[in-house]
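Asks: Please see the structure below; I have some questions.
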Amino acid sequence: MALLDRLRQFSDVTVVEQRFVCDGNVWTAAGVSAGLDLALALIADQAGAEIAGKVQLAAEYYPARVKYGDAHLAPEAPAYLRAAE
């Protein structure tokens with residue numbers, strides 16, 4: 001949080017408090033796990049939601065309840081993912 005306050009002091013900087021941000025072709029993340037969120041969003045942007053969904057399923061990474069594509073509905077997906085639908 002201290003760094004956000006320091007950034008706000010610059011008149012030409014807009015602080016966006018999100019886990020990751022895409023500004024044109026620049027993607028930035030707030031930290032390690034936010035970097036995973038960014039990676040999935042980047043994959044979805046570049047290769048499509050279905051591919052991002054397959055990566056997400058392989059990583060079993062569903063912390064934000066954002067599910068890309070429908071790979072989470074596959075029979076091999078963990079039951080907790082399929083039950084959430």
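The values are calculated or read from the model by the stated rules, or taken from the named source; none is laboratory data. No experiment lies behind these values; they were computed from the predicted model shown. Don't worry about glycine lacking a Cβ; one is built from the backbone with ideal geometry, like all the others, and counts go over all protein chains shown. The protein model used for the area step is the full one, side chains on, heavy atoms only, and it has no ligands, DNA or RNA in it. Shrake-Rupley method; radii C 1.70, N 1.55, O 1.52, S 1.80 Å.
Asks: Restricting attention to region 47-69, and to residues there that are assigned to a loop (DSSP other than H, G, I, E, B) and open to solvent by 80 Å² or more (accessible area, probe 1.4 Å), which single residue is farthest from Arg19 (Cα to Cα)? Step through it out loud before you land on a result.
Replies: If we filter region 47-69 for residues that are assigned to a loop (DSSP other than H, G, I, E, B), which is where we start, we get 48, 60-69.
Next cut, open to solvent by 80 Å² or more (accessible area, probe 1.4 Å) only: 60, 63, 65.
Numbers: Glu60: 19, Pro63: 12, Arg65: 14 Å.
Only one residue fits best here, namely Glu60.
Asks: Taking only pairs six or more apart or across chains, which ones have beta-carbon atoms under 8 Å, a first residue in region 17-30 that is among the β-branched types (Val, Ile, Thr), and a second residue that is not in a strand (DSSP E or B)?
Replies: Short answer, once both residue conditions are applied: Thr28/Leu38.
Asks: Mind checking which residues of region 1-28 are open to solvent by less than 50 Å² (accessible area, probe 1.4 Å) and touching a helix residue (DSSP H, G or I) at 6+ places or on another chain (Cβ under 9 Å)? Outline the logic, then answer.
Replies: Step one: of region 1-28, the residues open to solvent by less than 50 Å² (accessible area, probe 1.4 Å) are 4, 15, 21.
Result: Val15, Val21.
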